[in-house]
Amino acid sequence: MRELSGWGRAPRARCRLRSARSEADVAAAIAEGPMIARGNGRSYGDPAMSPGLTLDMRGMDRMLAFDADRGVLVAEAGVLLADIIATFLPRGWFPYVTPGTKFVTLGGAIAADVHGKNHHGDGSFRAFVDWVDVMDGAGGARRIAAGDPDFQTVCGAMGLSGVILRAALRLRPVTSAWIVQETIPTESVEAAIDAFEDNLDVLYSVAWIDCLSFAPALGRSIVMLGRHAEAQDLPRKLRRAPFEVPGRLPLSVPLDVPRLALNPVTLRIFNAMYYRLGRRKAGESLVDWDRYFYPLDAIGDWNRIYGRGGFYQFQCVLPIEASKAGLNRMLHEISEAGLGSFLSVLKRFGPDESRISFPQAGYTLALDFPATDACRALIERLDAITLDHGGRFYLAKDARMSAETAAAADPRLGAFRDLRAARGWSERFVSLQSRRLGL
Amino acid sequence: MKKTVLILGAASDMARAIARAFAADGHDIQLAARSPARLEGDRADLETRYGVEVSLHAFDAVDLGSHAGFLEGLPTLPDIAVCAVGAMGTQEENAAWPEVGAQVMRANFEGPATILGHLANAMEARGSGTLVGISSVAGERGRASNYVYGAAKAGFTAFLSGLRNRLAGKGVHVVTVLPGFVNTAMTEGMDLPGALTAEPSEVGKAVVAAVEKGRDVIYVRPVWRIVMTVIRAIPERIFKKTSL
């Protein structure tokens, strides 16, 4: 038994934990009883913790083949995105889709069907997966190609349809390790949305929102656009070694920060400073891949800033037509409560149809709050606003939603529950989250 | 300079991490274990990640009579050989059935010492090479909780020390590695203290660094040097009453 939690460190539970190093280990674990696979523990809540057996997949971290003509990597599920980048960026390849941390496993990225700053143009992680090998308990592994209808019962299913063993991932050819970033400060969330809509042809876009400012500056934002730098974008000094970037100082949060340190005043100051800094950077700049995609990865264990009690992430997506109204109501609610989030991120999703994955056309807002009763009450009000505006929630972030809220937001969950029962997955693949949400 | 590194007992988590650390520096790898077919994934991994050449070889550490033949069967005598062979057994069984304990001693001492003995002779004849033995802090002092394993590792540590002494000045260097606690299949389920417990990748980096710098005896996490100094210093009449 080992105390486990997600990246948000709430909830915690003592779980039976074992490591898989081979397909045979996975088969043995599935045969034993209810279980769930766990990657690098970067989902925020309880989807990678099982009331039965939690199977740590990081021991299956072998890269098996790379097709340098097509840029297709075949690897076991426990390989980290960080390792894929370390191996292939020097050869001119980068993941097509990456979440905000490189410390996720390939299997985890598929199970959560993660998205990046380019969802509006490229779609989610699964769009670049050619096939997955899945063990679903009926015995043996099965290769499911992207065109197979069952592919969508794996991507985004949080491991509830079987254990992902291996996958083939297409990588993006790039000519440098640098990103040309354009920073656009805006005075409101409406203006941020307009900036997104004006730049749908730009590869990457994301906005940070100051969720503690009051009207008329409510929702003032820093919109950050980006594209991969080509040789002509680089100063001559960098052109000679376009894949080399300066190292980053290894920083880390060495201990749990007392909860008092993050209070409405310090949060307001932090958010205001962040906005000022962003406004000063307005315009174009050259940023290396690590700082651009993974600013928080530079601070090891940054999740400790919320103290031992941990924190909750909230992430919803609202349909485009409801976005301005819905986001404004949420920001009002947050600002009124004075319970601002440390980092609030807004992102435009493009059209996306799937059986269980999170993304759909619209705007997605991600927030984090200390795991206190007051914040929980606030997040429940945000749940209600999301439902009012026809939005839905990201299971990789969820740690506390009720089954009723989840079902009301996403009718696909009911169909998925029925599918799980019909295929015999309900008894085999069980997480604390699936139990809480009645899946 | 590109070298060839032989990893004995290549199926373990620690051995895999050591192989990766050497391959990351561009060295070719020979992986040796009882069932080499199970190492196909690891071969693919090293080739895909690092673009080095990898070969697989059948090696049974406890079949002492096969070791000379194994060495002759290698395509080239390696520049560096790492012995990561080992098995802990369970102390209860090792204590209850001394014959079972003897197998643990064979796997952790006789087997590793025999193959390193053959390698030492071949490297001495060539006049160059590095031998790395993965021993254990358990060999520093016998404790009730794992003295059979510890005794075998103590023997292995003494063997490595003597080998180093013998080969000094003959162009062959011997490194003794005392990893301390490591998060591996062998320690799975044990409640290990975080500050004293290394990841396999740390062991890999430490071994490569020790070989490059010509170190003699290394602890993977430096804190273990202090811990073991204290444990060794406790008088026996007190030590025998402790449960460490």
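Being open to solvent by 40 Å² or more (accessible area, probe 1.4 Å), touching a Ser or Thr at 6+ places or on another chain (Cβ under 9 Å) and part of a loop (DSSP other than H, G, I, E, B) is the filter; apply it to segment B:171-193 and report the residue that is farthest from B:S135 (Cα to Cα).
Filtering segment B:171-193 for residues that are open to solvent by 40 Å² or more (accessible area, probe 1.4 Å), touching a Ser or Thr at 6+ places or on another chain (Cβ under 9 Å) and part of a loop (DSSP other than H, G, I, E, B), the one farthest from B:S135 (Cα to Cα) comes out as B:G171.
Could you please find all residues in segment A:45-70 being open to solvent by less than 10 Å² (accessible area, probe 1.4 Å) and under 12 Å from B:T48 (Cβ atoms)?
A:M63
What number goes with the only condition from (1) in a loop (DSSP other than H, G, I, E, B); (2) over 26 Å from A:L89 (Cα atoms); (3) open to solvent by less than 10 Å² (accessible area, probe 1.4 Å) that A:A217 does not pass?
Status for A:A217: all satisfied but (3).
Every residue in segment B:225-237 that is open to solvent by less than 80 Å² (accessible area, probe 1.4 Å) and of a type in the set (A, V, I, L, M), please.
Those that are open to solvent by less than 80 Å² (accessible area, probe 1.4 Å) and of a type in the set (A, V, I, L, M): B:V227, B:M228, B:I231, B:A233, B:I234.
Have a look at B:A17, B:A24, B:A37 and point out the one that is farther than 23 Å from B:M123 by Cβ, more than 10 Å from chain A (Cβ to nearest Cβ) and either surrounded by fewer than 20 Cβ atoms within 10 Å (Cβ to Cβ) or at pLDDT below 95 (or both).
On the way: B:A17 fails: either surrounded by fewer than 20 Cβ atoms within 10 Å (Cβ to Cβ) or at pLDDT below 95 (or both); B:A24 fails: more than 10 Å from chain A (Cβ to nearest Cβ).
Result: B:A37 is the single residue among B:A17, B:A24, B:A37 that is farther than 23 Å from B:M123 by Cβ, more than 10 Å from chain A (Cβ to nearest Cβ) and either surrounded by fewer than 20 Cβ atoms within 10 Å (Cβ to Cβ) or at pLDDT below 95 (or both).
Name the single residue, out of those in segment A:71-87 being in a loop (DSSP other than H, G, I, E, B) and touching a residue at least 60 places away in the same chain (Cβ under 8 Å), that is surrounded by the most Cβ atoms within 10 Å (Cβ to Cβ).
The residue in question is A:A77.
Could you count how many residues in segment A:135-170 are over 20 Å from A:V74 (Cα atoms) and either open to solvent by 50 Å² or more (accessible area, probe 1.4 Å) or outside any loop (DSSP other than H, G, I, E, B) (or both)?
The number of residues fulfilling the criteria is 4.
If B:E53 satisfies every condition in (1) at the interface with another protein chain (Cβ under 10 Å from one of its Cβ atoms); (2) in contact with a strand residue (DSSP E or B) (Cβ under 8 Å, 6 or more places away or on another chain); (3) among the charged types (D, E, K, R) but one, which is the exception?
Of everything listed in (1) at the interface with another protein chain (Cβ under 10 Å from one of its Cβ atoms); (2) in contact with a strand residue (DSSP E or B) (Cβ under 8 Å, 6 or more places away or on another chain); (3) among the charged types (D, E, K, R), B:E53 misses just condition (1).
Is it the case that some residue within segment B:194-208 is among the acidic types (D, E), open to solvent by 60 Å² or more (accessible area, probe 1.4 Å), in a loop (DSSP other than H, G, I, E, B) and farther than 21 Å from B:A11 by Cα?
For segment B:194-208, residues among the acidic types (D, E), open to solvent by 60 Å² or more (accessible area, probe 1.4 Å), in a loop (DSSP other than H, G, I, E, B) and farther than 21 Å from B:A11 by Cα: absent.
Does any residue in segment A:54-70 that is at the interface with chain B (Cβ under 7 Å from one of its Cβ atoms) and more than 30 Å from A:S5 (Cβ to Cβ) come within less than 8 Å, Cβ to Cβ, of a residue that is surrounded by 21 or more Cβ atoms within 10 Å (Cβ to Cβ) and of a type in the set (D, E, K, R) six or more places away or on a different chain, and which pairs are these?
Listed pairs, sorted by first residue: A:L64/A:E76; A:L64/A:R166; A:L64/B:D45.
Give the residue that is nearest to the other protein chains (Cβ to nearest Cβ), with candidates limited to residues of segment A:6-44 that are open to solvent by 20 Å² or more (accessible area, probe 1.4 Å) and touching a Phe, Trp or Tyr at 6+ places or on another chain (Cβ under 9 Å).
In this case the residue turns out to be A:N40.
With the requirement that a residue be open to solvent by 80 Å² or more (accessible area, probe 1.4 Å), out of contact with any strand residue (DSSP E or B) (no Cβ under 7 Å at 6 or more places or on another chain) and at pLDDT 95 or above, what does segment B:209-224 give you? Can you show your working first?
Step one: filter segment B:209-224 for residues open to solvent by 80 Å² or more (accessible area, probe 1.4 Å), giving B:212-213, B:215, B:222.
With out of contact with any strand residue (DSSP E or B) (no Cβ under 7 Å at 6 or more places or on another chain) added as a condition, the list becomes B:212-213, B:222.
Within segment B:209-224, B:E212, B:K213 qualify.
Conditions: (1) more than 22 Å from A:A65 (Cβ to Cβ); (2) within 14 Å of chain A (Cβ to nearest Cβ). B:E47 meets all but one. Number of the miss?
(1)
Please find, among A:P51, A:P47, A:P90, the residue that is over 18 Å from the mean Cα position of the chain (by Cα), more than 10 Å from every other protein chain (Cβ to nearest Cβ), more than 21 Å from B:A185 (Cβ to Cβ) and part of a loop (DSSP other than H, G, I, E, B).
None of the other options fit; the residue is A:P51.
The values are calculated or read from the model by the stated rules, or taken from the named source; none is laboratory data. Quick caveat: nothing in here was measured; it's all calculated off a predicted structure. All Cβ positions, even for glycine, are placed from backbone atoms using ideal geometry, and neighbour counts span all protein chains on display. What goes into the accessible areas is simple: the full protein's heavy atoms, side chains included, and nothing from ligands, DNA or RNA. Shrake-Rupley method; radii C 1.70, N 1.55, O 1.52, S 1.80 Å.
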